[in-house]
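Written below as structure tokens is the structure these notes are about.
Derivation of every value follows stated rules applied to the coordinates shown; laboratory data play no part. In this text the structure is predicted, and so the values were computed from the model without any measurement. A quick note on method: Cβ atoms are made from the backbone with ideal geometry, for glycine too, and the neighbour counts reach across all protein chains shown.
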Amino acid sequence: MTPEPPQQGAPGRAATGTPRPWWRRSFGLRPRLVLALVLTAAVTLGVAALTLLSPLQDRLRAQAERNLRAAALTARPGFEEAVAEDEGVRELARVLQRRTGASRVIVDDQVFGDERLADTAAAGTPDRQIDVALLRTLRLDRTTLTSGADGTTVAVPLNIPGTGDPHVLAVRRTVDDAAAVVDEVRDAFLTAALVGLAVAVLLGLAVVTTLLRRLERLRGVARRITTHGPQAAAAPVDNAGDEVGDLARTLAAMQHGLQRQEAARRTFVATASHELRTPLTSLGGTLELLAEDLRGGRVDLADAQEQIVLAQNEVGRLTHLATDLLDLSRLDSDQPLRNEPVELEELSRAVGAEFAARARELGVELDVRSPPGPCWGLGDPGALARILRILLDNALRFAPRGTAVRITPAYHGEAATIGVADAGPGVPGDERDLIFERFRRGSVTGGEGGFGLGLAIGRELAQRLDGGLTLDSPNGAGPPRGARFVLSVPIEQPAGSARR
């Protein structure tokens, strides 16, 4: 048994029948967008934390050590003077401790002795790091910096004139300010990150909800159009200037286009049924009369010939409709057209000769006016001839007896044109665009029924050739009354020739 093809929109499957990824089946658009926003914010904050917080403690510690060293070196002259005069040393030590935030300041002339010139800590308080710093400075006779997990000590040798004993100023900071600052920054950063993520979620939900609500309205309109037709739903209105607003306006334009096409289709069905009924009824009556005459053995040749002429006319109308419908199907299928140089005067005379007999019967003159020189255009010869046939058929239908239909090849700017003008009743102003739509006819029909396809086919063919088909203003270069249609195509000279 042949398996049934997957239905469009089936759960867990795409429109083509291929399975959707699990994450598309499990999550809708709203959670996916919010998750994307949250992940983006989280990754951004994580990268910022790694970039900022990781080296921050080391930089702060190094900066604190530089500041402590600079403060000790700056205070050294004052301590040297105070030691030399043997007064104010302890007060200077307390001032330096307050200024630097140190936990201990020592001025010592007998390392590990019982008496120190100044010590801001309690007498005899042990501190291995400060003892190591004092010994290193005495041994090296230069400023040293000793760091550890429990703090930093800067020891500076003092040069006391007139004494033989070495003196050392040691400044100790046991509180890790860098770690405290980093902890404070980390706490603030985490707070800001949590607030930022919460704001991202709330804003994401608000934006996504609004966006999806607008998309849901558009989807509802599209579903109603699909199910019940373009007339079943009001055109969506979204005046926002974003992409969803553009989508709504595009959908509204599509709906209006579908409504026009639906109206044109209904008009065509009504027109075609009316137009087809007449020739088919006439053909049926003619054949029935001829059959009765043949069965009765009484054939009136003159009457039979008249009936045959009428039948031929009706067949011609049906053939004309079939040709128009075939042209429409070719246009809709986008069959490629040729592009080659075409001499427009020669084309005009060849097509005009096809209508010479009909023009004589109608008492209308076909006047092909020669341009000053060859007039070359680029296009498909068959398509150009088809457009010109449509224009001549239209002009002969409306031209009064005793008038002329003028065919004028010429150059106008960057285009080669063929103008077809008649002296008929013209086209009312409110119908100048209407007559180029499919299955639409003007209010003036020239005494003959039509299907409203010819000019629409002509314009679409001209546009396919990178040209155009327009209706000139009655007060332009054409006759004072009537209509003048202009076919324009790009100029293209044949190889080895030059435009004159």
Please give the net charge around Asp127, taking every other residue with its beta carbon less than 15 angstrom from that of Asp127, where Lys and Arg add +1 and Asp and Glu add -1.
+2
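Kindly state, to the nearest 0.05, the FRET efficiency for His412 paired with Arg32, given R0 = 51 Å and r defined as their beta-carbon distance.
Details: r = 57 Å, r/R0 = 1.12.
E(calc), rounded to 0.05, equals 0.35.
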Cβ-placed point charges (K, R +1; D, E -1), dipole of region 336-490 about Cα centre in debye, nearest 20:
360 debye
Projected label distance in nm at Arg94 and Asp433, using a 7 Å step from Cα toward the beta-carbon:
9.6 nm
The summed charge of the Gly220 Cβ neighbourhood (under 15 Å; Lys/Arg +1, Asp/Glu -1) stands at +4
Assuming R0 = 45 Å, can you tell me the calculated FRET efficiency for the pair Ala206 and Val181, based on Cβ-Cβ distance, to the nearest 0.05?
0.75
HN-Hα J couplings of region 198-209 from phi, Karplus 6.51/-1.76/1.60, θ = phi - 60°, integer Hz, Gly and Pro as x?
4, 5, 4, 5, 5, 5, x, 4, 5, 5, 5, 4
Separation between the Arg219 and Leu301 pseudo-spin-labels, each 7 Å from Cα along Cα→Cβ, expressed in nm?
7.8 nm
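Between rounded, prolate and oblate, where does region 337-421 land on the alpha carbon gyration tensor, with a ≥ b ≥ c its root eigenvalues, rounded for a/c under 1.5, else prolate if a/b exceeds b/c?
It is prolate, given that a/c is not under 1.5 and a/b is the larger ratio.
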Using the per-residue mean of other Cβ atoms lying within 10 Å as a proxy for protection, in what order, highest first, do the peptides 99-109, 185-195 fall?
99-109, 185-195
For Thr403, enumerate residues with amide H under 5 Å from its amide H, sequence gap 5+ or separate chain, H modeled in the peptide plane.
Glu365
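Less than 12 Å Cβ to Cβ from Glu243, Lys/Arg counted +1 and Asp/Glu -1: what total charge do the surrounding residues give?
-1
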If I take R0 = 30 Å and measure r between the Cβ atoms of Thr51 and Leu135 in this structure, what FRET efficiency does the formula 1/(1 + (r/R0)^6) give, to the nearest 0.05?
0.15
